[in-house]
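J.: I'd like to ask some things about the structure below.
Values in this text are rule-based calculations from the coordinates and carry no lab data. It should be emphasised that the depicted structure is a prediction, and the values quoted were computed from it without experimental measurement. Please note: Cβ atoms are built from the backbone with ideal geometry, for glycine as well, and neighbour counts cover all protein chains shown.
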Amino acid sequence: MFRFLPEQASAHAADVDWINNLITDLSVFFTVAIVGSMIYFAIRYRRKGGVDHDTPRIEGSHTLEAIWTIVPTVVCIFIGYYGVAIYKEMRTVPANALNITIWGQKWQWDFEYEYKDAEGKPQVKKIGGKNVEWVVPVNRPIKLVMQSRDVIHSFFIPAMRVKRDVIPGQWNYISFTPIKTGKFPVFCTEYCGREHSNMMANLSVVSEAEYYRWVQDRSAEMAMAGLAPSERGKQLYTAKGCNACHSLDGSRVLGPSFLKVYGAKHKLTDGSEVDVDDNYIQESILHPMAKIVAGYSPVMPSFDGQLNPDELAALIAFIKAQDGSAPIVAAPPPAADEGWDKLTPAERGEKWVKGKAIPACTSCHSLDGSKLVGPTFKGLYLREEEMEGAGKVKADDAYIIESILHPGAKIVKGYQNMMPPVYGALKEQDFKDIIEYLKTVK
Ligand code: CUA
């Protein structure tokens with residue numbers, strides 16, 4: 001009864017409809033049975049001819065009580081079991097799923113497809129706008145990873161039987177396997193302002209070959225073309241200094257390596273386990289203290305406010321790409337050079353300061369007394385500096401080491417808290433060498 005559902009275009013649609021119809025039928029059956037007998041009895045035993053009729057008083061029927069306890073319990077357990085089982089099935093994403101990133105914003109949907117071109121280089125196709133047509137291949141599992149740029153939206157493809165809220169600052173996903181080609185409407189189903197009812201898109205399901213032709217055809221969107229998210233993430237990985245503490249080759253530095261980290265399970269210091277997914281990575285970037293991996297120290301600075309949502313997404317895409325299939329691109333933390341040990345400490349320190357440390361200290365600290373972003377190194381050693389809110393501090397060994405590891409701890413008056421805390425991979429000997437060199441910059 002009441003079969004008003006749209007066509008079944010995804011693999012799990014039949015299951016969803018089956019349980020949905022079952023619940024509808026049960027509801028109709030019990031509504032008719034209960035309300036029907038209420039009405040029947042009301043009429044049957046109504047007050048007739050101005051006289052009340054006594055009806056038999058029945059008390060304490062164990063049979064009746066057993067029936068109305070057991071039947072609904074069995075029905076509820078049955079529905080609950082299949083509800084959970086089908087939902088679990090819907091939330092399990094096959095490994096070969098095609099990943100598409102979706103951004104919701106007032107009042108349109110934007111789609112990002114990362115794919116590899118003929119040379120194996122990652123490319124991105126970005127499309128978006130009102131009623132945009134987006135394309136997926138038929139019979140291939142699809143994973144939509146979604147986030148909002150502003151308020152809460154909700155992404156709903158009725159024909160695929162998937163719907164999920166799209167929330168700013170949090171990644172949600174839905175997954176489905178389209179089983180028929182055609183065009184299917186997408187709606188926003190969370191009231192998000194004036195144009196909410198027009199926040200739509202058109203899903204076009206096509207053959208695999210047609211999909212590849214479409215995704216590689218970039219002629220229509222040159223204005224929006226850009227670096228693939230994982231490529232942008234690769235730049236950010238070095239630009240933001242992630243590389244100082246997170247290797248790509250599995251080696252241990254201050255933080256866990258990014259190699260094959262996506263999809264892994266992390267054991268935390270409190271003994272619990274987390275899945276390394278988009279939300280966990282994002283949280284670890286924005287709020288590194290929230291979950292500390294067992295065996296590591298809580299030393300990572302927060303990048304909250306330093307990365308926009310696209311940059312965060314790019315970093316996640318880059319981390320996701322470190323699945324062991326791609327050659328390792330960024331340089332691992334600097335290793336000892338040939339003949340390094342034959343240099344004097346001050347010579348080694350000079351190499352660190354002038355560029356072996358990345359970024360080079362000298363890009364912000366001059367050696368000749370001129371003022372750059374940070375205080376000059378000229379005459380720095382044992383110089384007394386006025387600190388913001390901390391009085392005078394002498395630039396001795398302890399202060400220099402602290403300033404390298406935790407640049408935000410004490411800020412010299414007149415300067416800004418700009419230095420990236422990315423030099424955590426330096427070893428004790430390296431600090432000694434740097435200090436020896438700084439002593440010579442007079
Ligand atoms: Cu977006 Cu409603």
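J.: Going by how many other Cβ atoms sit within 10 Å of their own, how do H153, H287, H12 line up, fewest first? Present the calculation step by step, with values, prior to reporting the outcome.
T.: Details: H153 32, H287 13, H12 19.
Least crowded to most crowded, the residues run H287, H12, H153.
J.: With a 10 Å Cβ neighbour count serving as the proxy for reagent exposure, in which order, fewest first, do V32, V136 appear?
T.: Ordered by Cβ neighbours within 10 Å, fewest first: V32, V136.
J.: Could you list, in their original order, any pairs among K371/K432; K180/K265; K240/K413; K392/K442; K356/K392; K371/K392 whose Cα atoms are separated by more than 27 Å?
T.: With Cα atoms farther than 27 Å apart: K180/K265; K356/K392.
J.: Tell me, rounded to the nearest percent, the portion of alpha carbon pairs in the chain spaced more than 33 Å apart.
T.: 55 percent
J.: Taking every pair of distinct Cα atoms and averaging 1/r, then inverting, what Kirkwood hydrodynamic radius in Å comes out for the stretch 229-321?
T.: Result for the stretch 229-321, one decimal place: 13.2 Å.
J.: Something else: Starting at 0 and stepping by 5 Å, how many percent of the alpha carbon pairs of the stretch 340-440 end up in each bin?
T.: Histogramming the stretch 340-440 at 5 Å steps yields 2, 13, 24, 29, 20, 8, 2, 1, 0 percent.
J.: Could you tell me which GluC sites (Glu not before Pro) in the stretch 1-83 are loop residues by DSSP with no more than 13 other beta carbons within 10 angstrom of their beta carbon?
T.: Listed in order of number, the matching sites are E7, E59.
J.: Right, here's the next one. Across the stretch 112-160, how many lysine pairs, 8 or more apart or on two chains, come within less than 20 Å at their alpha-carbon atoms?
T.: 5
J.: Mind putting together the pair-distance distribution for the stretch 1-138? All Cα pairs, 10 Å bins, whole percent per bin, short to long.
T.: Result, from short to long distances: 8, 19, 22, 18, 13, 9, 7, 3, 1, 0 percent.
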